[in-house]
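The values are calculated or read from the model by the stated rules, or taken from the named source; none is laboratory data. Bear in mind that the values here come from a model prediction, so they are computed numbers and not experimental data. Here the Cβ positions follow ideal geometry from the backbone for every residue, glycine too, while neighbour counts run over all protein chains shown. Accessible surface areas use protein heavy atoms only, side chains included; no ligands, DNA or RNA. Shrake-Rupley method; radii C 1.70, N 1.55, O 1.52, S 1.80 Å.
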Amino acid sequence: MSSTCKPCDLPFPNSQKGAKALATHVKRFHCQSVTVSQTSNKKLLGSCVRSTYSDVIVCYVEDCGFEDTNWTKLEAHVKRLHNDGAAISCQFFMFPAIISHNSLDVNRFAALPVEDVDEDGSESTSASGDSSPLEPATTRASRPITSPLSIPRPTRSRSRPYRRISPASTRSSSPVLGQSLGLLLASTPVLPSPLGQEPYSRPQTPSEESSEADKDISMNDIADDVFSMDIDLPTAPGNLTVDLDDGESLLPKAGLSLLRLSTLGEFPVPLLLVCIECQCGMPPKSAMNHVASHKVPLTKKEKKILSGWLAEMKLAQESKDISTPRPRQAPLQDLQVQPGFSCKLCPYCAPVKRTVENHVYEEHAQRRGSSASKFIVAAALQAYFRNHPNYFSVTESLAGLDVNDPFALYMDQIVPEIDASTLVNAAKSVNEIPPLLKMTQWHEHLEPFLTDKTTIHDLCSLMDLPTSKRGDAWLGTPLGNVILDYMKDIRSKANKASLGIKCLLMECPRPTQHGEWWQTLSDNVTLAKYAKLLHRWTHAVIVSMNSHPSAYQFPLTDEIRDHAKTLTDILKSTSLEGGIDAFHDFIKPIFYPKDRSEDDDDEYSKWDETFECLIAIDALREDGNFKAAHEITVIFAQFFYHLRGIVLYQGLRNKFNFGNNAYKSVESEAMQNLQPGLLSPYPFGSYIRLPDFLAPSGRRLQTSRRRATRREVL
């Protein structure tokens, strides 16, 4: 004989296990409501309600809408999405029954053994004649649907087919409990039952009583399981052979912790097993060996429970099983925080700067230009696993802050919007403009190109040198080699020149024979760094002559355009012969004063000089701001080094026009550029004293000069 669930016609075997399975089925699929609270602090979360026996039970969160016929699935949903994966307690309420007083057969209890539950909770067994029979119930025929049952659960120590409750017991003698479950169950009873035709209530024959007494269980016992007022369901699906709560409680003793990554917003919530001492995640298959490597004392029973728990739980095995958090989130608990670097253009991170540079070269070739350093920033990093780590950046200042903390909310909600915005934070008043910009007026000259981040990026791309994936190849390595050879040729000529010629390059006309003299760069590495300035400026001028996305136009003369075309033809050819002279002819009019003999009536503007425009663009950053004073002094130092080299190269080139007198030829060239009062790049040095003054100590304008002694002067 088998029992059947009345609403869904699901059969269950006639045994103790079958009765418990039936009780569990009724709780999960046919309860009226479940009140959910937090296990840690008993805080009430809400109540999930089912409208009818066979209807779905709905989540208590108003805007959630999750529903299911099985309470176990809804419990997992509530635990993971509405309680951050923490344990919850469930209080079940069943549908009330409509009971007729005449349906109770009280005399059925007279011939059965009685087990009384005293007021102190102890149980005593007596003969049937010494116990008074259960009096007829005088309860009402029905109960309101909204009123839950409240029946204390007594302690039971045996599995008898019937359990009688004495009148002195604290437990209610109302048969409503048995009848409420009886409405959900169907069986084939032989005789009327005092429990309203519940299964297993038929009197047994002596032979049946001896063989089945230990197998059958009364419906009062089933009711004890069904109507338990505080039940913690398993935390993982399936038929578990290990108590998950016991397994998780052993983690601190084993030096482990369970990290619930609820902030990722994924369902189900990813779980990561972490070693507290090593501060890193580990796959569950190697956890026991890792615990043993730390000499953690665990008993055999504890090891068995922990191993079973690890086998049952769905834990992350490797980095690809878990998505990385968004940048700037709070550090994850128990995971190591280490210094590193991150890419400004994407969330990529690595502990070594060179690794991030390679990433920028490979993935962001269209934006990086010639330097990847400006797209790299120092950051605090974390990773789930040590093997094949997938690093992500975190904000250490958010550690320990509540999710509703104003700073945490700002970092989580406002900062991503600022990063995604293309707007530029322009100065609102003249008081917000730095002193350096008030002097140089770079922001006013470039104002039409500083409307948003897109136009700023297009303007800055003028200085971005070509790579293997972007730009014209002939403007990359071929042009760089020509410029470096040009600077080495200047160094060679300067080393062969007299000291008087070198003094002319520092001050012209010479007021004294004890002035300073110019020194060239002897280190090839430093020389290559200085060559980058000429490379960027040459690239910007040449690409602006074509259809560049920035639409910026330099004030180029016809002479500069002609020399640019000649240099371009040489760079595009297979041979770079004549490239040094062609580059000198191109760069000299950019550094020399502009011939204004034909436009004397026009109002003078420093933005008519090409080098002024080049310095303004070179000082611009991707965020729309300009470089700080200590960064500008580097550009100025390189600028004046190149200016003196160009004057020396042109002077020695024209020495035959001065009777082969190199000193007179260099002096003539220097008077065009280095004499105070002329409209030339040299007076430009008058206002570079301001950034030199604003720069911190140790980052002042770099010079390549030395004071000559009396014997060293001609």
So, of the residues in the stretch 451-506 that are open to solvent by less than 20 Å² (accessible area, probe 1.4 Å), in contact with a strand residue (DSSP E or B) (Cβ under 8 Å, 6 or more places away or on another chain) and assigned to a helix (DSSP H, G or I), which turns out to be farthest from Gln638 (Cα to Cα)?
-> Ile456
Kindly check whether there is at least one residue in the stretch 414-427 that is of a type in the set (Asp, Glu), part of a helix (DSSP H, G or I) and either open to solvent by 90 Å² or more (accessible area, probe 1.4 Å) or touching a Phe, Trp or Tyr at 6+ places or on another chain (Cβ under 6 Å) (or both).
-> yes
If you check His457, His445, which single one turns out to be of a type outside the set (Ser, Thr, Tyr), closer than 30 Å to Ala420 by Cα and over 37 Å from the mean Cα position of the chain (by Cα)?
-> His445
Which of the residues that make up the stretch 544-565 are farther than 17 Å from Ala616 by Cα and part of a helix (DSSP H, G or I)?
-> Asp558, Glu559, Ile560, Arg561, Asp562, His563, Ala564, Lys565
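Residue under question is Asn524, and the condition is that it be closer than 27 Å to Thr610 by Cβ and polar (S, T, N, Q); does it hold?
No, not satisfied.
Per-residue answers, yes or no, for (1) over 25 Å from Leu261 (Cα atoms); (2) in a strand (DSSP E or B); (3) in contact with a Ser or Thr (Cβ under 6 Å, 6 or more places away or on another chain):
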{"residue": "Cys8", "(1), (2), (3)": "yes, no, no"}
{"residue": "Val26", "(1), (2), (3)": "yes, no, no"}
{"residue": "Thr35", "(1), (2), (3)": "yes, yes, yes"}
{"residue": "Lys42", "(1), (2), (3)": "no, no, no"}
{"residue": "Asp55", "(1), (2), (3)": "yes, no, no"}
{"residue": "Asp63", "(1), (2), (3)": "no, no, no"}
{"residue": "His77", "(1), (2), (3)": "no, no, no"}
Go through the stretch 623-660 and give me each residue that's open to solvent by 50 Å² or more (accessible area, probe 1.4 Å) and not in a helix (DSSP H, G or I).
-> Asp623, Asn625, Lys627, Gly659, Asn660
Answer yes or no: is there a residue in the stretch 547-560 that is in contact with a helix residue (DSSP H, G or I) (Cβ under 6 Å, 6 or more places away or on another chain), in contact (Cβ under 8 Å) with a residue 24 or more places away in the chain, under 17 Å from Ile483 (Cβ atoms) and open to solvent by less than 40 Å² (accessible area, probe 1.4 Å).
-> yes
Would you say Arg260 is farther than 21 Å from Arg386 by Cβ and either exposed (fewer than 15 other Cβ atoms within 10 Å of the Cβ) or under 20 Å from the mean Cα position of the chain (by Cα) (or both)?
-> no
Subset tally (residues that are open to solvent by 10 Å² or more (accessible area, probe 1.4 Å) and more than 27 Å from Cys503 (Cα to Cα)) for the stretch 520-538 | 2
Top-ranked residue in the stretch 15-26 [being surrounded by 17 or more Cβ atoms within 10 Å (Cβ to Cβ) and touching a strand residue (DSSP E or B) at 6+ places or on another chain (Cβ under 9 Å); ranked as nearest to Lys73 (Cα to Cα)] = His25
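Can you say whether Gln333 is modelled with pLDDT under 90 and in contact with a strand residue (DSSP E or B) (Cβ under 7 Å, 6 or more places away or on another chain), as far as the supplied structure shows?
Considered against the rule, which asks whether it is modelled with pLDDT under 90 and in contact with a strand residue (DSSP E or B) (Cβ under 7 Å, 6 or more places away or on another chain), Gln333 comes out as yes.
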Cross-chain or 6+ apart pairs with Cβ under 8 Å, the stretch 621-648 first and more than 21 Å from Ser492 (Cβ to Cβ) and touching a residue at least 24 places away in the same chain (Cβ under 8 Å), then of a type in the set (Val, Ile, Thr) and open to solvent by 20 Å² or more (accessible area, probe 1.4 Å) | Asp623/Val424; Gly624/Val424; Ala637/Thr703
